[in-house]
Each structure stands twice: as structure tokens, then as C-alpha cells.
Amino acid sequence: MLQRLTLPLTIPNYIEVWQFDFDFRIPLQNADWVLLNESERAYAMRFHVRDDQVRSIATRAVLRRLLGEKTLVSPKQLRFVTNESGKPGLQGNNRIKFNVSHSGAYALIALSTSSEVGIDIERHNYQLDTIRLSQLVFTPVEQQLGLKVTRRFTEQWVLKESVLKALGVGITNHLQAVSIVPDDVDGEYSVINTNPAWQKIKAWLIDSPTGYASAIAVVL
């Protein structure tokens with residue numbers, strides 16, 4: 001099932017977020033498979049677990065259909081490019097920006113007709129050693145926010161990942177380069193970064209399915 005999410009009012013109105021629910025009980029859909037190019041099919045079939053194959057194939061097919069509607073180009077004819085950090089974009093079209101994330105039974109696709117966007121969804125993992133991991137992935141400023149509870153840890157993680165994805169930089173190498181801190185506006189976060197070349201960016205927690213956390217970031 002595909003549905004457009006209602007976003008916080010402070011998110012720019014040129015941003016859309018679509019949620020797709022996976023149904024792992026049904027066979028792989030040929031209508032999805034035929035939309036993918038050879039490299040996308042090969043990537044999906046590298047997964048040994050069928051659920052991972054379904055996520056890869058279905059998410060890419062939904063992305064192609066949404067972008068096809070925006071660009072008035074056949075979904076099958078769309079061509080993608082990636083930057084040096086692997087962030088994808090549309091070949092020959094700088095107007096439409098997008099980002100994708102999936103976890104468990106859900107995928108999120110963010111579309112923008114203006115600035116860069118990043119999105120992330122993660123399922124809460126109550127087996128994580130949040131205290132140890134917080135010291136590895138969060139800055140000293142972020143650690144003061146109280147991230148020992150799994151829910152808060154996951155929320156901070158999706159905020160951070162969405163910001164780095166919007167900036168189009170590698171996640172692992174820049175975890176300590178940004179601190180995401182809450183604003184006075186409920187659900188809105190400011191980004192403190194150590195790179196003066198990076199543009200201003202904001203992040204928001206958005207509605208998530210039960211057991212998950214989701215966030216979106218937009219370069220302003």
C-alpha cells in the first residue's frame with residue numbers, strides 16, 4: 001500500500017513523503033520487475049533473503065513510478081546517477097530531488113521540487129547497547145540529550161542519518177561533524193555542523209508506524 005504522509009506544517013510545501021508498506025506474503029511482482037534496469041535487478045538478487053529482495057525491487061519500482069509522474073517520463077526510461085558518496089539523482093533533471101529509506105515492513109520516499117532532501121526510517125531495536133553506541137555515533141552535544149532509552153536513541157539516529165543524506169555525504173565518516181538539537185518548535189531540529197561549506201539545514205521527526213522512528217531533513 002502506498003500513501004502520502006501528512007507532514008509538520010513547518011516543512012516546506014515543495015516536499016512530499018510517501019510511505020510504502022511491504023507485503024512479504026505475496027510473490028514478487030512482475031510489474032515491478034520489468035521497470036528495473038539490469039543493474040537494479042542484479043543488485044536486488046544479490047540478497048539471499050527473499051524479504052530483502054522484495055524491499056529492493058518494490059522500493060525501486062515505486063520510486064520510478066513516483067518520479068515518472070513528476071517528470072512525465074516513462075518510469076522504465078528514467079536514468080539515475082550518483083555522487084561521490086553514492087547519493088542518487090536523476091540524470092538530466094536537477095529540479096527533482098529524492099531520497100529513499102526502508103526498514104522492516106516499510107519504505108519512505110521523499111520528493112522535493114527545490115532543495116536537497118534526506119529521509120530515514122528505522123525499527124526500534126531493544127537489543128542495542130545504546131550507551132556504548134551513543135559514544136560512538138553521537139557528538140558530546142547530542143549525548144547530553146539523554147539518548148539511553150531505545151526510542152530516543154533511534155529518533156536521534158534517524159535525524160542524524162537524514163541530515164547526512166540530505167547533505168549528500170558519507171554517513172560513517174561524518175557522524176561527528178553534525179549535532180542535531182531540538183528547537184522550541186515541537187518536532188523540529190536545528191543542525192550544528194563543523195563544515196562552513198555546508199548549507200543551512202533543518203530536520204524533523206515525522207509520524208511513523210508503531211515500533212519505528214522516522215525523520216526528514218531539508219537543505220534550506
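Answer yes or no as to whether Ser162 is open to solvent by less than 20 Å² (accessible area, probe 1.4 Å), out of contact with any Lys or Arg (no Cβ under 7 Å at 6 or more places or on another chain), assigned to a strand (DSSP E or B) and polar (S, T, N, Q). Break it down stepwise before answering.
Numbers: open to solvent by less than 20 Å² (accessible area, probe 1.4 Å): yes; out of contact with any Lys or Arg (no Cβ under 7 Å at 6 or more places or on another chain): yes; assigned to a strand (DSSP E or B): no; polar (S, T, N, Q): yes.
Against the criterion (open to solvent by less than 20 Å² (accessible area, probe 1.4 Å), out of contact with any Lys or Arg (no Cβ under 7 Å at 6 or more places or on another chain), assigned to a strand (DSSP E or B) and polar (S, T, N, Q)), Ser162 does not qualify.
Given the criteria open to solvent by less than 50 Å² (accessible area, probe 1.4 Å) and either more than 15 Å from the chain's Cα centre (by Cα) or without any contact (Cβ under 8 Å) to a residue 12 or more places away in the chain (or both), does Gly118 qualify? So Gly118 does not fit the description; no. Just to be sure before I move on: is Ile119 hydrophobic (A, V, I, L, M, F, W, C), within 25 Å of Gly170 (Cα to Cα), part of a strand (DSSP E or B) and out of contact with any His (no Cβ under 6 Å at 6 or more places or on another chain) in the structure I sent? Here the answer is yes, as Ile119 does meet what is asked.
In the stretch 52-90, the qualifying residues are those that are crowded, with 16+ Cβ neighbours inside 10 Å and touching a residue at least 60 places away in the same chain (Cβ under 8 Å), and the one that is farthest from Asp23 (Cα to Cα) is Lys87. Among residues of the stretch 186-203 that are closer than 16 Å to Ile15 by Cβ, those with a beta-carbon under 8 Å from a residue that is acidic (Asp, Glu) and in a loop (DSSP other than H, G, I, E, B) at least six positions away or on a different chain give the pairs Tyr189/Asp183. In the stretch 91-104, the residues that are surrounded by fewer than 21 Cβ atoms within 10 Å (Cβ to Cβ) form Cβ pairs under 6 Å with partners that are in a loop (DSSP other than H, G, I, E, B), at six or more places apart or across chains, as follows: Gln91/Arg79. For the stretch 126-151, a tally of residues being within 18 Å of Trp204 (Cβ to Cβ), open to solvent by 40 Å² or more (accessible area, probe 1.4 Å) and free of Cβ contacts under 8 Å to residues at least 40 places away in the same chain returns 1.
May I ask you to list the residues in the stretch 205-220 that are among the hydroxyl-bearing types (Ser, Thr, Tyr) and either in a strand (DSSP E or B) or touching a Cys at 6+ places or on another chain (Cβ under 6 Å) (or both)?
Residues satisfying the conditions are Tyr212, Ser214.
Within the stretch 11-51, which residues are assigned to a loop (DSSP other than H, G, I, E, B) and either within 19 Å of Phe98 (Cα to Cα) or open to solvent by less than 50 Å² (accessible area, probe 1.4 Å) (or both)?
Taking the stretch 11-51 as the starting set, the residues that turn out to be assigned to a loop (DSSP other than H, G, I, E, B) are 11-14, 22-29, 34-37, 46-49.
Result: Ile11, Pro12, Asn13, Tyr14, Phe22, Leu35, Leu36, Asn37.
Condition test on Leu7, is it part of a loop (DSSP other than H, G, I, E, B), over 28 Å from Ala213 (Cα atoms) and either open to solvent by less than 80 Å² (accessible area, probe 1.4 Å) or of a type in the set (Gly, Ala, Ser) (or both)? No: the conditions fail for Leu7.
May I ask you to verify whether Val181 is in a strand (DSSP E or B), surrounded by fewer than 20 Cβ atoms within 10 Å (Cβ to Cβ), in contact with a Ser or Thr (Cβ under 8 Å, 6 or more places away or on another chain) and at pLDDT 90 or above?
It is true that Val181 is in a strand (DSSP E or B), surrounded by fewer than 20 Cβ atoms within 10 Å (Cβ to Cβ), in contact with a Ser or Thr (Cβ under 8 Å, 6 or more places away or on another chain) and at pLDDT 90 or above.
The values are calculated or read from the model by the stated rules, or taken from the named source; none is laboratory data. Quick caveat, the model's predicted, so the values are computed rather than measured. Cβ coordinates were reconstructed from backbone atoms using ideal geometry, including for glycine residues, and neighbour counts include every protein chain displayed. Protein only, heavy atoms only, side chains kept; ligands, DNA and RNA dropped before computing areas. Shrake-Rupley method; radii C 1.70, N 1.55, O 1.52, S 1.80 Å.
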